[in-house]
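Values in this text are rule-based calculations from the coordinates and carry no lab data. None of the values given here were measured: they were computed from a predicted structure.
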Amino acid sequence: MNEYLYITSVTRPQTAHAGTVVSVSFVVTSKASGPLVIWAGANDINGQPVVFSPDQVIIDQGASITFSTSFVMPATNTQLAYGVWYHDGTEWILDIHGTFGFTVVNGNGEEPPDDEELPDGDESWLEGNTLLIVGGVALATVLGIVLVRK
C-alpha cells in the first residue's frame, strides 16, 4: 500500500452536533512516474451513502488532488472509513485506506473513535466486500456501497 499515493493534509472537525452536516476533505499527492487514474470511496454513515467529489480523476506525477465529502452526523460517535484506488491499466488497486473518527457533541460521553491509517496489507475493512472486473468495468461492494468504475 501507499505505492503511488499519499495523503498530505486532512481538513475535518473531530466533533459535531447530531444532525449537523460534517465536511471532510483530504489531499492526495501522486509519487508515480506518470499520470494515474484514481478514485476514492467510503462507507455509508447511518444508512446514507458517502461519496467523494471528485470520485475519479487523472492525477499527474507530483500533482495533488483534494477529495471532499459531507455527511449528516448521527446521534452516536462514528467513523468514516475511506479508500483511494489507482488503475494499473488492468485492475483497480487499493493504495490508501484508513478511518477518521468523529465524536458527537452532547453525546453519550464515550471516547472518540481514533483516526488511523491501516497498515500495509491490512484489508480487514474489505472483508465481506467484493471487487470484480468484467470487460474493463470494475464492480465493487465496499463497506456497504456498490461502486462501478469503467
*Given H placed 1.01 Å from N in the peptide plane, which residues other than close sequence neighbours of residue 77 have an amide H under 5 Å from its amide H?*
104, 108
_In sequence order, calculated HN-Hα J values of region 28-40 (Karplus, 6.51, -1.76, 1.60; Hz; x Gly/Pro)_ = 10, 10, 8, 10, 6, 7, x, x, 10, 8, 10, 8, 10
